[in-house]
């Protein structure tokens with residue numbers, strides 16, 4: 001008879017109860033979080049100077065809305081999170097300046113003004129810190145498919 005023969009069944013019992021807890025609580029919790037993040041909203045930080053003075057440079061925490069139909073509620077002036085077209089691994093936050101069908105001046109500070117008509121299914125995004133922002137003036141019109149959601153609240157600070 002092994003030295004710890006009585007301990008084995010308790011150990012197996014503990015492992016079985018842990019597996020049950022994991023299956024019945026952790027798996028549904030993970031599914032719930034996945035659903036909330038993908039379909040309702042997301043909490044994300046925003047860094048950098050492009051949205052000064054609206055957002056701080058050191059990482060405001062933002063609530064990004066993704067509820068069904070959020071794209072139809074977009075209005076000029078809203079802040080949105082999107083994937084940058086030149087670097088798909090990078091996300092940014094900018095202000096919606098124009099929607100499909102609108103005509104926008106690319107850079108009003110230049111001596112020669114040029115205008116762009118935003119195509120349907122696209123938006124024109126610019127940072128609030130006009131002189132320190134990489135936005136639609138560089139990227140051109142942004143496809144709606146690259147938008148992640150509308151910024152609804154600044155949670156911190």
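A few notes on this one:
- Taking 52, 125, 22 in turn, the Gaussian network model of the chain (Cα-Cα springs below 10 Å) assigns the largest fluctuation to 22.
- Folded to 0 to 90 degrees: helix 27-39 orientation relative to the chain principal axis, Cα: 0
- Nearest-0.05 FRET efficiency for residue 73 and residue 19, computed from C-beta distance (R0 41 Å): 0.40
- Residues considered: 140, 89, 127. Largest GNM mean-square fluctuation over the chain, using C-alpha springs under 10 Å, is found at 89.
- Extension gain from residue 86 to residue 115, taking 0.36 nm per residue of separation minus the Cα-Cα distance: 8.3 nm
- Which label in [x] -0.51, -0.78; [y] -0.61, -0.83; [z] -0.64, -0.93 gives the computed log10 I(q)/I(0) by the Debye sum over Cα atoms at q = 0.12, 0.15 Å⁻¹: [y]
- Rounded to 10°, Cα long-axis angle of helix 7-21 versus longest principal axis of the chain: 30
- Cα-based shape type of segment 31-83, given that a ≥ b ≥ c are square roots of the gyration tensor eigenvalues and the cut on a/c is 1.5: oblate
- Listed residues 105, 11, 31, most fluctuating in the chain (Gaussian network, C-alpha, under 10 Å): 11
Bear in mind that the values in this text are calculations on the coordinates, not laboratory data. What you see is a predicted model; the values in this text were computed from it and never measured. Cβ: placed from backbone, ideal geometry, glycine included. Neighbour counts: every protein chain shown.
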